[in-house]
Amino acid sequence: MASYEMVIGLEVHVELSTRTKIFCGCTTRFGGAPNTRTCPICTGMPGTLPVVNRRVVEFAIAAGLATNCEITRRTRFDRKNYFYPDLPKAYQVSQLYLPICRNGYLTIETPQGEKRVGIHEIHMEEDAGKLTHDPWLDRTLVDYNRCGVPLLEIVSEPDMRSAQEVVAYLTRLRQTLQYLGVSDCKMQEGSLRADVNLSVRPMGQTALGTRTEMKNLNSFKAIARAIEGEFRRQTELIEDGGVVRQQTRRWDDNKGASFAMRSKENAQDYRYFPEPDLPPMEIAQAWIDEIAAREPELREAKRARYQREMGLPDYDAALLTEEKATADLFERASALCGRPADVAHWLMGDAMALMKERQIAPDQMTLAPEALARVVTLVAEGRVSRQSAKEIFVYAFDGGEDVDGYVREHALQMVQDDGAYARAVEEVLARCAKDAESYSAGNEKALGFLVGQTMKALGGKGDAKKVGEMLRERLAR
Amino acid sequence: MELFDLTALELGERIRAREIGVEEATRACLSRIEAQEGTLHAFITVTAEAALRRAREVQRGIDDGTYTHPLAGVPMAIKDLISTRGVETTCASRMLKGYVPTYDATVVRKLDAIGAVCLGKTNMDEFAMGSSTESSAFGVTRNPWDASRVPGGSSGGSAAAVAAREVFYALGSDTGGSIRQPASFCGVTGVKPTYGAVSRYGLIAYASSLDQIGPIAIDARDAAAVTRLLAGIDPLDATSVDAPPPAMPEGDDLSGLRVGVPRECFADGLNGEVRARVLAVGDALQALGATLVPVELPMLPYAIPAYYVLACAEASSNLSRYDGLRYGFHPEGIEDLHEYYLTARSEGFGAEVKRRILLGAFALSSGYYDAYYDKAQRVRTLIARDFARCFEQADVLLTPAAPTTAYPLGAHADDPISMYLGDIYTVSINLAGLPGMSLPCGFDGDGLPVGAQLIGPAFGESRLFAAAHAYQTHTDFHRRRPPEAGAAKGAKANGEL
Amino acid sequence: MEITEKLVYYVAELAHLRMDEAHVAQAAEDLSKMIGYVDKLQELDTDSVPPTSHANARANVFREDEERESMPREDALANAPQSKDGCYAVPRTVE
C-alpha cells in the first residue's frame, strides 16, 4: 500500500462576544425562552433593514491583526441566498467578494518544530436560528433567539497534515480569540464550530486530491477522531480503486463514522451579490491603529510575564495560560492574596484534577478567585491544616464563596492556643513514657508516633509541624 | 371655495384656523371614498373607524397645541407596502393577505408625530412590480379621469385617491417610476426623492438600491411639505442620508435656472401630444426667467435593460423571505418542507412577480452573474455619469414622465415588455439615485392628463419644487379635477368593496 | 442567448417556484423574451467601468453595541400559521 498524507483546511465559525446582535439591538446572551430575544429586524419581518454593529467590525479587525492578516480597506457585506426555516430572510448577510481580513497565519508547535498555518480569510456574517424536532407534532420548531448573533468565519489554508496539527491550530486560534475578548469560544454552547476540509494524496504528490467537508464536530476529540476516520475512509477508497467525491459529510461521533449529506445540500448556487441595504465600509488606518493599540495581552506575552514577574517556571506559565479562564482566575486570586506560587500550585494540582474528574472545561469552573485566595491565605497563615485545606478547596471549587463560614461550620480551624498544645504534649508524654524513652535513646521513628498521638489529642486540628517541634524540644537529648 | 378645491396645505391652514374640523374633513373624505370606491378601487383597506377616532384625537391635539404642523389633521393615505402596526399590509399580494405588521415604518411614525389622519392603505401593483396597478391580487384600480383606463402604477391607488380627492395626499413608493408615472396618468404631482433622503425602514422592499418613498400630492407646495416631513436620516436605515430638508417653494422668479432638455427624451416612441405639452412646460419656464439648455443622455436606451436586471435580481432575494412559514399566505396540509415552499410561493405570488423573480434568480446564478448582474451594475455607473455631465450644464432636467397618457385596462396584458418600455424616462433616475418629480402639464385630446418630469441632482429637490411651483403659479392643470367617479365616463362596477 | 427548459427548471428551483411540464414552455418563452431584451446591455464595453452596487456614496454606517428591548413573543408569533412552546412550528426539516 502506498503511503498517503492528509491535507486539511478548516472553516471555523465563532460567535462574537458583543452585547447585541450584528444588525439589531437584541441581546446575544446565551439561552432565554424561545423567541424572546428577537425583533422585527432579526426575524426578517417585511420592510425591516439591518444596521451594522460597530463592535462586530472592530472585533473582526482585532482578530485579523492578531492572526497576522491584511485588513481589507474597502470591504462590504454580500447576501448568500438559500431557503431554510432557520434563516428568516432566506438569505444570510455574509461576505464573499471583499472579506474584512485576508492572508494571515498562526504559528503552531509541532513535533517537527514551529509551523505556520495560513489563514485565507476572515469574514463577518450572521448566525441562523435553532431548529428542534417536535415528535408529537412531527414538525420542526424554530427559535430565532440566536438568529443574527454575529459570527466570524475563519478560513485556513489547507496547510495542516495531521489531526495533531489541527488540534494545535484550533487551540492556538481559540486562545487568541479568547485573549482578545472577541469570543468565549465555547464549543459546548456552539460559540466555536469547526468544519474540516480533508483530502488525501500519495506522499510526494503536489497536486491536491478531491476534498470532503465534514460538519457536526462538537469537540476537539471528535475532530481528531473524525479526521482519522475520514483519512482512513479516503485512502481505503482509493486503494480499492474508487474515487473520492466532493461532498459534505456529517460526523456521527457515537458511531465513529461520517455520512454523506443529501446531494441537494451539496449542489448549492448561493447567488451572492452585494447587500444593497448596507453601505460599504472604508477602514481607515487610524481606526486599525486604534484597535491595535487596544489589543490586550495575548497568551505568549502573558506566559513570558508570569515567568519574568512571578518567577514561575515555563511549564507552569504555559499550563496556566493555556486557557484564558485559568489565567484570569490565576491573576485575580494572586492579586488578592499576593501568593502567586501557591495559587498556581492549587490550580495546577487540585483544580485540574477536579476538572478532569468532573469532566468540565476551565471556562465552566465556578471557583471564585476570592475563595481561592482565601484558601491560600488560610494555609499560609497556618490557620488550617493541609489536609483540611484540600476539603475546603473542594467546597470552593464547587462554587462555595463563604470559605471562613465553611471552616467554622466544619470546625476545621487549627488550634491556635499554645496552652492547649502544651497540655496535649504533657498528656501524651505521660501516657506514652516508653515511646518517649525510646526516642530519647535515639529511635527517630518513635517521634512520629508521639506526634500522631498528640495530634489525636488535639482532635486533629493541630499544626503537625508545631507539635513535632514542641516534642523535639521537650525531649531534647 | 369647496372643501375639495383646496390643497392639503390650504386645508391644513383652515383646520388650524378652526374653520374646518378634522373630523368634518375626515368624514367628507370617507363619504367620497364610499361614493367612488365602487368604481375606482383606489384602496385595499379603508380604516374608517380608526380614522374617525384618530381625527378626534388630532383635533384635541390641535386644540391644545400638541399638533402645529401645516399638515396636521389633513386626511391622507398610505400605499399598501408601507408597514403599519396593527393594520393589514399586503403589498397587493395574496402572499401577504392577512399579514398585520407589529411595527410602524419610520415614515408612519413621522406622520403620527405631526397629527396626520390616515384613512387607509392604497392599491398597487403586486409588490410594486408593474406600471398599471393591474397586477394587484385584489382587483384593478381605475383612472379617475376615465374609468376604462389604468391609473398607472405601481402607486396607482395613491395617485387615483389623490386625483379623485378621496384624500389630500398619499404616500407612494418609486423603484423605476412608480410614483411619477401614475401621478402623470392621474394629473397629480408626485415626487421620487433622492435615494437616501427618506428612510426606507418599513418600506417592504422591491429593489433595495432603487426604492424610495415619496408623496403624491395636489401641487408642488403640498409635495414639498410632505417631502420635508418625510425626509431625514434614520438610524434604522443605513442608506439614509443626513441632508438639510428641501426648502418650501416661494414666488415665480426662475432667473438663472438652467433647464436641461435631453434630446433622447423627445425622440421616437414619444406620443406627439405629450411631446408638445412637455415642451410647452419648457417655454413656460423660460418665460419665468429660466434658460433652456440642450443636453444628452446617450445611455438612455440601456436604462430599462439595466433596471430590469438589477431590480429583478434584488427582488429575487428580497422576496425569498415569503415562504408561508411565519406570516401571510400559507398552504394547508402539506407535510414536506420543499413541497410547502413550492406551494406557498407558487400560489402566493402572481404571474408578473414570478416572472421577475425568475429573471432575477437567473441574473445572479452561477455562470450568468458577470454577463447580467455585474454588467448591469457597470451600465448603472455609465448612466450616473450621463447625469453628472448633464448637471454640469443644467440645474434641472425636463423630460416627459411617460411616453403616453393613461392607456386602456388590459392594453399590455399579453406583452409585459411593452409595458416595461413605458418606464423609459423614469428608471434611469432611480439607477442614478436622483430626485425626480412629475407635474401635471395639460391634457391630451381624450381629456387625459399629461405629466412632465423634472429631474434634479442628488438632494436638489428644492430646485424641482421651485421650478414646479413657479410653473403652477401660472397654470391651473394641477387644480383641475375629474368629475366624481361613478359619473365619470366609461365607469363600470368594479365588484370590489 | 437560448433559454432551455433545463435552465428554466434550474432557475425555478433556485427561486423555489414550482415548474412543471405544463408551464415550462411558456416560462422559457417569457424568460427568453426578457433576457433577449436585457441582452442589449452586451452592446456596451464596460471593462473599464466600475460597478455601482449602492445608489449613494454613504460608507461606514454603524450602530453602537447598545441593547434595545426585544419584542414580546406574542408579537413575534402573531402572524405565524402554527406555533408551539413559543416556537414557530414548520414542516419537518430533514436531518
Practice item. Within segment B:386-432, track down each residue that is within 14 Å of chain C (Cβ to nearest Cβ) and in a loop (DSSP other than H, G, I, E, B). Key: B:His412, B:Ala413, B:Asp414, B:Asp415, B:Ile424
Practice item. Take segment B:112-129 and flag every residue that is part of a helix (DSSP H, G or I) and either buried (at least 24 other Cβ atoms within 10 Å of the Cβ) or of a type outside the set (A, V, I, L, M) (or both). Key: B:Asp112, B:Glu126, B:Phe127, B:Ala128
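Let's see how each residue does on (1) crowded, with 20+ Cβ neighbours inside 10 Å; (2) in contact (Cβ under 8 Å) with a residue 60 or more places away in the chain:
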site	(1), (2)
A:Tyr179	yes, yes
A:Cys185	yes, yes
A:Glu189	no, yes
A:Val196	yes, yes
A:Val200	yes, yes
A:Lys215	no, no
Exercise for review: Output the residues belonging to segment B:317-336 that are facing chain C (nearest Cβ under 9 Å) and touching a strand residue (DSSP E or B) at 6+ places or on another chain (Cβ under 8 Å).
Suggested key: B:Ser320, B:Leu325, B:Arg326
Check your understanding: Within segment B:242-258, which residues are surrounded by fewer than 22 Cβ atoms within 10 Å (Cβ to Cβ) and under 26 Å from B:Ile213 (Cα atoms)?
Key -> B:Asp242, B:Ala243, B:Pro244, B:Pro245, B:Ala247, B:Met248, B:Glu250
Check your understanding: Hey, A:Trp287 hits all of (1) within 31 Å of the chain's Cα centre (by Cα); (2) closer than 30 Å to B:Ser208 by Cα; (3) without any contact (Cβ under 8 Å) to a residue 12 or more places away in the chain but one; which does it fall short on?
Key -> (3)
Review point. Considering segment A:25-38 alone, what residues qualify as being of a type outside the set (Val, Ile, Thr) and surrounded by fewer than 23 Cβ atoms within 10 Å (Cβ to Cβ)?
Key: A:Gly25, A:Arg29, A:Phe30, A:Gly31, A:Gly32, A:Ala33
Review point. Within segment A:222-232, can one find any residue that is surrounded by fewer than 17 Cβ atoms within 10 Å (Cβ to Cβ) and either without any contact (Cβ under 8 Å) to a residue 24 or more places away in the chain or in contact with a Lys or Arg (Cβ under 6 Å, 6 or more places away or on another chain) (or both)?
Key: yes
Revision key, fill the gap. Those residues of segment A:330-366 which are of a type in the set (Val, Ile, Thr) and farther than 18 Å from A:Val403 by Cα amount to A:Ile360
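Rundown of residues vs (1) part of a helix (DSSP H, G or I); (2) more than 7 Å from every other protein chain (Cβ to nearest Cβ); (3) touching a residue at least 24 places away in the same chain (Cβ under 8 Å), yes/no style:
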position	(1), (2), (3)
C:Tyr37	yes, no, no
C:Pro50	no, no, no
C:Glu69	no, yes, no
C:Ala76	yes, no, no
C:Pro81	no, no, no
C:Tyr88	no, no, no
Review point. Just to be sure, is A:Val117 surrounded by fewer than 22 Cβ atoms within 10 Å (Cβ to Cβ), more than 13 Å from chain C (Cβ to nearest Cβ), of a type in the set (A, V, I, L, M) and in contact with an Asp or Glu (Cβ under 8 Å, 6 or more places away or on another chain)?
Key: no
Revision key, fill the gap. Of the candidates C:Ala15, C:Ala55, the one satisfying the condition of being modelled with pLDDT of 95 or more, within 7 Å of another protein chain (Cβ to nearest Cβ) and buried (at least 17 other Cβ atoms within 10 Å of the Cβ) is C:Ala15
Review point. Out of curiosity, is A:Pro111 over 23 Å from A:Arg19 (Cβ atoms) and more than 11 Å from chain B (Cβ to nearest Cβ)?
Key: yes
Practice item. Output the number of the condition that B:Asp283 fails; it satisfies all remaining conditions of (1) more than 7 Å from every other protein chain (Cβ to nearest Cβ); (2) farther than 27 Å from C:Ala28 by Cβ; (3) free of Cβ contacts under 8 Å to residues at least 12 places away in the same chain; (4) not in a helix (DSSP H, G or I). Key: (4)
Exercise for review: Within segment B:341-359, work out how many residues are within 13 Å of chain A (Cβ to nearest Cβ) and more than 20 Å from A:Leu87 (Cα to Cα).
Suggested key: 2
**Study point:** Filter result for A:Ala63 (among the small types (Gly, Ala, Ser), touching a residue at least 24 places away in the same chain (Cβ under 8 Å), outside any strand (DSSP E or B) and assigned by TED's automatic domain parsing to the domain that holds A:Pro276)
**Key:** yes
Point to revise | Test for A:Pro46: is it free of Cβ contacts under 8 Å to residues at least 12 places away in the same chain, more than 8 Å from chain C (Cβ to nearest Cβ) and buried (at least 23 other Cβ atoms within 10 Å of the Cβ) | key: yes
Check your understanding: Name the residues in segment A:67-93 that are part of a strand (DSSP E or B), within 13 Å of chain B (Cβ to nearest Cβ) and of a type in the set (Ser, Thr, Tyr), would you?
Key -> A:Tyr91
Point to revise | Single unsatisfied condition, B:Gly324 versus (1) touching a His at 6+ places or on another chain (Cβ under 6 Å); (2) part of a helix (DSSP H, G or I) | key: (2)
Review point. Out of curiosity, is A:Thr235 part of a helix (DSSP H, G or I), away from chain C (no Cβ under 14 Å), surrounded by 14 or more Cβ atoms within 10 Å (Cβ to Cβ) and not hydrophobic (A, V, I, L, M, F, W, C)?
Key: yes
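The values are calculated or read from the model by the stated rules, or taken from the named source; none is laboratory data. Computed from a predicted structure; not experimentally measured. Cβ atoms come from the backbone with ideal geometry, glycine included; neighbour counts cover every protein chain shown.
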